[in-house]
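Asks: Let me give you the structure first, and then I'll get to my questions.
The values are calculated or read from the model by the stated rules, or taken from the named source; none is laboratory data. The model shown is predicted, which means the values in this text are computed figures rather than measured ones. We place every Cβ from the backbone using ideal geometry, glycine too, and count neighbours over all the protein chains shown.
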Amino acid sequence: MLAHLRPALVLLVLFTLLTGLVYPFAVTGIAQVAMPANANGSLIVRDGKVVGSALIGQAFAAPRYFHPRPSATSAADPQDPSKTVDAPYNAASSSGSNLGPLNGKLIDRVKADIEALRAAGVTGPIPPDMVTTSASGLDPHISPENALAQVARVAAARNLGPDRVRQLVEAHVEGRSLGLVGERRVNVLGLNLALDALR
């Protein structure tokens, strides 16, 4: 029996060391050398202070900023920890809503969002990502159509010409990855930081 047990224990210890220590440290070291910004979370730093990540969305609600798509993330209810409350862009609780297209709660929320957008002055067709959440609830991007639909509100709130804001949006449109994968998109945090940098 010991003849069978000893090789199994040796292999267990060996592979625990290889896959639990050597491999993770090697991959982390290579990532730190080859692409340190990505390995450390794609953090965006302004004036020596971390203001966010290019990979995780933030909740912008002020009229002078471009707004991200809705977020379905939640957090524990401070009044009753057994329940949850909406907490948009809560990175500690990444999740989608899991509500199906025929769910009454989802339909009511989308209708309310559309009415709020119309009341805020959005005209024409409303891009789907203005009223739908992403699978993670933390998507940092919106479609170019979503950003362009917000130009009038942002321009008015900042006393800027709509054409200047539209040019800024168009300058921040990212293409498909490798020219093939995904859709064209705009990083909301990057666009809002560029807005703040305008004089």
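Asks: State the number of residues belonging to the stretch 14-51 that are surrounded by 10 or more Cβ atoms within 10 Å (Cβ to Cβ), over 25 Å from ASN192 (Cβ atoms) and of a type in the set (Val, Ile, Thr).
Replies: Number of matching residues: 6.
Asks: Next question, about the same structure. Among the listed residues ASP139, ASP163, which satisfies the condition of being assigned by TED's automatic domain parsing to the domain that holds ASN98, among the acidic types (Asp, Glu) and crowded, with 20+ Cβ neighbours inside 10 Å?
Replies: Result of the check over ASP139, ASP163: ASP139.
Asks: Which of the residues spanning the stretch 170-199 are without any contact (Cβ under 8 Å) to a residue 12 or more places away in the chain and assigned to a loop (DSSP other than H, G, I, E, B)?
Replies: Matches in the stretch 170-199: GLY175, ARG176, LEU178, GLY179, LEU180, GLY182, ARG199.
Asks: For the list (1) under 16 Å from the mean Cα position of the chain (by Cα); (2) part of a helix (DSSP H, G or I), I need the number of the one condition that PRO68 fails.
Replies: The number of the failed condition is (2).
Asks: I'd like to check something: does the stretch 10-30 contain any residue that is in a strand (DSSP E or B) and either assigned by TED's automatic domain parsing to the domain that holds SER93 or free of Cβ contacts under 8 Å to residues at least 40 places away in the same chain (or both)?
Replies: no
Asks: Report whether or not GLU145 is surrounded by fewer than 19 Cβ atoms within 10 Å (Cβ to Cβ) and within 20 Å of ALA194 (Cβ to Cβ).
Replies: It is true that GLU145 is surrounded by fewer than 19 Cβ atoms within 10 Å (Cβ to Cβ) and within 20 Å of ALA194 (Cβ to Cβ).
Asks: Another one. Could you figure out which of (1) assigned to a loop (DSSP other than H, G, I, E, B); (2) surrounded by 12 or more Cβ atoms within 10 Å (Cβ to Cβ) isn't true of ALA62?
Replies: The failed condition is (2).
Asks: Sort out which residues of the stretch 31-55 are in contact (Cβ under 8 Å) with a residue 12 or more places away in the chain and either basic (Lys, Arg) or touching a Lys or Arg at 6+ places or on another chain (Cβ under 7 Å) (or both), and write them in order of number.
Replies: Residue satisfying the conditions is ARG46 alone.
Asks: Any chance the stretch 113-124 includes a residue that's within 20 Å of the chain's Cα centre (by Cα) and within 18 Å of ALA62 (Cα to Cα)?
Replies: In the first step, residues of the stretch 113-124 are kept if they are within 20 Å of the chain's Cα centre (by Cα); the result is 113.
Keeping just the survivors that are within 18 Å of ALA62 (Cα to Cα) gives 113.
Looking through the stretch 113-124, at least one residue is within 20 Å of the chain's Cα centre (by Cα) and within 18 Å of ALA62 (Cα to Cα).
Asks: Quick one: in the stretch 137-164, which of the residues that are touching a Gly at 6+ places or on another chain (Cβ under 7 Å) and in contact (Cβ under 8 Å) with a residue 60 or more places away in the chain is nearest to LYS105 (Cα to Cα)?
Replies: Per the stated criteria, the residue is GLY137.
Asks: Of the numbered conditions (1) touching a residue at least 24 places away in the same chain (Cβ under 8 Å); (2) farther than 23 Å from SER143 by Cβ; (3) not hydroxyl-bearing (Ser, Thr, Tyr), PRO70 satisfies every one except a single condition; which is it?
Replies: Among (1) touching a residue at least 24 places away in the same chain (Cβ under 8 Å); (2) farther than 23 Å from SER143 by Cβ; (3) not hydroxyl-bearing (Ser, Thr, Tyr), the lone unmet condition for PRO70 is (2).
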